1. Would you mind listing the helices (runs of 4 or more DSSP H) fully within region 143-248 where at least 1 residues are in contact with a helix residue (DSSP H, G or I) (Cβ under 6 Å, 6 or more places away or on another chain) and at pLDDT below 95?
2. Looking at (1) over 20 Å from the mean Cα position of the chain (by Cα); (2) farther than 14 Å from residue 82 by Cβ, can you tell me which one residue 185 breaks?
3. In region 19-43, how many are loosely packed, with under 15 Cβ neighbours inside 10 Å and touching a residue at least 40 places away in the same chain (Cβ under 8 Å)?
4. Tell me, which residue of region 232-248 that is surrounded by fewer than 21 Cβ atoms within 10 Å (Cβ to Cβ) and in contact with a strand residue (DSSP E or B) (Cβ under 7 Å, 6 or more places away or on another chain) is nearest to residue 58 (Cα to Cα)?
5. List the helices (runs of 4 or more DSSP H) inside region 18-137, counting only whole elements, that have at least 1 residues being in contact with a strand residue (DSSP E or B) (Cβ under 9 Å, 6 or more places away or on another chain) and not assigned by TED's automatic domain parsing to the domain that holds residue 186.
6. Any residue at all in region 6-14 that's within 15 Å of residue 66 (Cα to Cα), surrounded by 16 or more Cβ atoms within 10 Å (Cβ to Cβ) and under 30 Å from the mean Cα position of the chain (by Cα)?
């Protein structure tokens, strides 16, 4: 049997034990020597198999502990619900979604006024000379960094509001836009996958080989004018995005 088939077979068997729950988060996999003996393969074949699982985000390898199953508890996101606040709910969408799973949300926020990059300015339909307010957020779940969210707003639209000031907005910037007379009634989402930049990997404390989803949402008001561009970087092993569509 070809070497590539052998390591894929070993990886498949290990993958099965993880997905079936035989090995749970924090459990150690058998040592390289034990896997060599169990599967009658070479050390290099075992290392190739383990490397595949590392790249998939299923395990992590450390010098002292060996190979350990990673915690896999993705945050379930319903993008279509962002503009449909729950009755009586005063928190912004991310905090509400995390709390619904019995987990603790938190975030770090930086607010600044910038000349937006061409891609942002184009999506906001801003002239070259116009400024934007950007609210950069590093979001945490149970104390662990989970994603980043950078939201851009035309400065002329939000100047003087809470959106342009430092600090958290407990009810969310979307609610402030409504109060300013610009409720978002339509959104356009773009989602693609790539490998993280070095700064993203460091900021989000990503394991080697973990891809990210880039999720861009443009919100439009009742006059079909873009009022917000939100760019989220979501580690692929920590998020599950679910869209629900209805035919009418």
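The values are calculated or read from the model by the stated rules, or taken from the named source; none is laboratory data. Quick caveat: nothing in here was measured; it's all calculated off a predicted structure. All Cβ positions, glycine included, derive from the backbone under ideal geometry; neighbour counts span all protein chains shown.
1. Qualifying helices (runs of 4 or more DSSP H): 173-179.
2. Residue 185 satisfies every listed condition except (2).
3. 5
4. 236
5. So the answer is 32-39, 43-55.
6. Checking region 6-14: at least one residue is within 15 Å of residue 66 (Cα to Cα), surrounded by 16 or more Cβ atoms within 10 Å (Cβ to Cβ) and under 30 Å from the mean Cα position of the chain (by Cα).
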